[in-house]
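Inspection log for the structure reproduced underneath, given as structure tokens.
The values are calculated or read from the model by the stated rules, or taken from the named source; none is laboratory data. Owing to the predicted nature of the structure, the values given are computational and were not obtained by experimental measurement. Glycine also receives a Cβ, built like all others from the backbone with ideal geometry; neighbour counts cover every protein chain displayed.
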């Protein structure tokens, strides 16, 4: 999963560079050339959505997300571990629901073309099930660590 995280960080960096470039081109065309690019709004919007969803995978993997750990830290180690396992199972369930419904949204959106690029909108929404699947994999890894290695079972 560490290699995947490194790859995701590189992809996100590339998407950010592409976002900045596409916005700059849109501004240049509009204000310098007094023309507009037909894709100048749609592409940055899609890039931003993908950056957010892939960034959430990186944040989840690196445990840089918001965590409410006051209760778990106040409990003795065995109870804290059980609470962490329960929390991770709930999180995994959420990601699986997100994956299923995200895939349904993608399937439905494949019948609709985007306004500017004229490609199926499902490709834009694909970030939802992809990020859910990647976070589910991270969650399974976290769950495995919590169950197998009790000494690392401190709160999430």
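So, in the range 57-80, exactly how many residues are within 16 Å of residue 4 (Cβ to Cβ) and buried (at least 17 other Cβ atoms within 10 Å of the Cβ)?
4
For the condition part of a helix (DSSP H, G or I), touching a helix residue (DSSP H, G or I) at 6+ places or on another chain (Cβ under 9 Å) and under 17 Å from residue 139 (Cα atoms), what is the one hit in 52, 91?
91
Of all residues in the range 1-39, which are touching a residue at least 24 places away in the same chain (Cβ under 8 Å), outside any helix (DSSP H, G or I) and surrounded by 16 or more Cβ atoms within 10 Å (Cβ to Cβ)?
Result: 39, single match.
Which numbered condition trips up residue 137, out of (1) closer than 30 Å to residue 70 by Cβ; (2) at pLDDT 95 or above; (3) touching a helix residue (DSSP H, G or I) at 6+ places or on another chain (Cβ under 6 Å)?
(3)
From 145, 121, which residue is without any contact (Cβ under 8 Å) to a residue 60 or more places away in the chain, closer than 30 Å to residue 37 by Cα, surrounded by 12 or more Cβ atoms within 10 Å (Cβ to Cβ) and in contact with a helix residue (DSSP H, G or I) (Cβ under 7 Å, 6 or more places away or on another chain)?
Only one candidate passes the filter, namely 121.
Part of a helix (DSSP H, G or I), touching a residue at least 12 places away in the same chain (Cβ under 8 Å), touching a helix residue (DSSP H, G or I) at 6+ places or on another chain (Cβ under 9 Å) and closer than 24 Å to residue 9 by Cα, is that true of residue 83?
no
Checking the structure you have, find out if any residue of the range 76-84 is under 15 Å from residue 128 (Cα atoms) and either out of contact with any strand residue (DSSP E or B) (no Cβ under 9 Å at 6 or more places or on another chain) or at pLDDT below 95 (or both).
So far as the range 76-84 goes, no, none of its residues is under 15 Å from residue 128 (Cα atoms) and either out of contact with any strand residue (DSSP E or B) (no Cβ under 9 Å at 6 or more places or on another chain) or at pLDDT below 95 (or both).
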